[in-house]
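These notes concern the structure reproduced below.
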Amino acid sequence: MKKYILFFVLGFTVAMAKAQSGFNYYEFGAGISASYGKAEADLKKQDYHPAVSLNFVYNYSPFLPITAELQKGTFSGGGALKSQDFSGRYFTNSYFSFNVHGDLQAGEILDYSDSWVLDRIKGLYIGTGIGFIYNNMTRIERFNRFPENGVVYPDPNSGEGFQGKNNSLNIIIPIRLGYEFKIFDDYDQPRYGIDISVQHYFAPGEGLDGYNDPTSKYKNNATDQYTFVTVGFKYNFGNTTSYVKLIRKFQY
């Protein structure tokens, strides 16, 4: 009798799983991403650099991931030549950043069930969040290298260098635009994700390049910010959760 009951339970479980095929998704995810971009700070010349990120994801829904991101990278700009900076200023910032952001994908708000076009753009997303960046200047010029150019503030003889901090902690606010390609497993659940995106970060606090001089001496009318183009990979795992819509649209 117990064998028949067990057989019935297993059969019922398989039938229920089959009925939910295409509606289920994994609750968590983890991934890595590579970025390429530059800062937009006080110095006119800014260099492009790569950055790498580790991500932990809570999938509130298959189309609304909430991500905690840890990033390591470098910013640099200026130069020791007069052609690179009017005063010979330069910096290298070896930074760490951490932020939490949510990305609202189009599939969360669109009814894509009967539209080929909407089904193709359901992975398009926009997102934002908040975090912080720890700036660490490993190389910076604090004195005017070219006093003959007419800028006499500051100079080595005065004993006072360009103002700013070699180490600082600033808030960052990301604005994100991208697309996630979902790759489904044998259970028709999105197991992997490939993400292509552009992120623009606002970083108030004048810490990205280590310079914070009076605007009367050096023009500085904009908040420090930086931009990245990013490609990421995500692996989804954990509890299986049901969604209200068919995540994967089947072609018959």
Could you run through segment 1-30 and say how many residues are among the hydroxyl-bearing types (Ser, Thr, Tyr), modelled with pLDDT under 95 and either within 28 Å of the chain's Cα centre (by Cα) or surrounded by 13 or more Cβ atoms within 10 Å (Cβ to Cβ) (or both)? 1
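Test Phe75 against the criterion of being modelled with pLDDT of 95 or more, touching a helix residue (DSSP H, G or I) at 6+ places or on another chain (Cβ under 6 Å) and buried (at least 21 other Cβ atoms within 10 Å of the Cβ), and give yes or no. Full working, then the answer.
Numbers: modelled with pLDDT of 95 or more: yes; touching a helix residue (DSSP H, G or I) at 6+ places or on another chain (Cβ under 6 Å): no; buried (at least 21 other Cβ atoms within 10 Å of the Cβ): yes.
Taking the combined requirement at face value, the residue does not satisfy it.
Specify the residue that is nearest to Leu246 (Cα to Cα); the eligible residues are those in segment 95-134 that are in a strand (DSSP E or B), among the hydroxyl-bearing types (Ser, Thr, Tyr) and open to solvent by 30 Å² or more (accessible area, probe 1.4 Å). I'd like the intermediate steps shown before the answer.
Step one: filter segment 95-134 for residues in a strand (DSSP E or B), giving 95-105, 124-134.
Subsequent filtering for residues that are among the hydroxyl-bearing types (Ser, Thr, Tyr) retains 95, 97, 125, 128, 134.
With open to solvent by 30 Å² or more (accessible area, probe 1.4 Å) added as a condition, the list becomes 128, 134.
On the way: Thr128: 26, Tyr134: 42 Å.
By that ranking, first place goes to Thr128.
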Which one of these does Phe228 not meet: (1) over 30 Å from Phe86 (Cβ atoms); (2) at pLDDT 90 or above? (1)
What number of residues in segment 31-66 are assigned to a strand (DSSP E or B), touching a strand residue (DSSP E or B) at 6+ places or on another chain (Cβ under 7 Å), closer than 30 Å to Lys245 by Cα and open to solvent by less than 20 Å² (accessible area, probe 1.4 Å)? 5
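Output yes when any residue across segment 160-170 is touching a Phe, Trp or Tyr at 6+ places or on another chain (Cβ under 9 Å), under 17 Å from Phe228 (Cα atoms) and either in contact (Cβ under 8 Å) with a residue 40 or more places away in the chain or charged (D, E, K, R) (or both), and no when none is.
The answer is no; no qualifying residue exists.
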Kindly list the number of the only condition in (1) basic (Lys, Arg); (2) crowded, with 18+ Cβ neighbours inside 10 Å; (3) not in a strand (DSSP E or B) that fails for Lys165. (2)
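Pull up segment 67-93, narrow it to residues that are more than 17 Å from the chain's Cα centre (by Cα) and not in a loop (DSSP other than H, G, I, E, B), then point me to the one that is farthest from Thr138 (Cα to Cα). Don't jump to the end; show me each part of the working.
Step one: filter segment 67-93 for residues more than 17 Å from the chain's Cα centre (by Cα), giving 76-93.
Filter once more, so that each one left must be not in a loop (DSSP other than H, G, I, E, B): 76-78, 90-93.
On the way: Ser76: 10, Gly77: 12, Gly78: 14, Tyr90: 11, Phe91: 8, Thr92: 6, Asn93: 6 Å.
Here the answer is Gly78.
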Filtering segment 78-94 down to residues that are of a type outside the set (S, T, N, Q) and without any contact (Cβ under 8 Å) to a residue 40 or more places away in the chain, which residue is least open to solvent (accessible area, probe 1.4 Å)? Gly79
Which of the residues that make up segment 135-147 are open to solvent by 40 Å² or more (accessible area, probe 1.4 Å) and closer than 28 Å to Ile175 by Cα? Asn136, Thr138
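The values are calculated or read from the model by the stated rules, or taken from the named source; none is laboratory data. Note that the coordinates shown come from a computational prediction; the quantities given were computed from them, not determined experimentally. We place every Cβ from the backbone using ideal geometry, glycine too, and count neighbours over all the protein chains shown. For accessibility, only protein heavy atoms count, side chains too; no ligands or nucleic acids. Shrake-Rupley method; radii C 1.70, N 1.55, O 1.52, S 1.80 Å.
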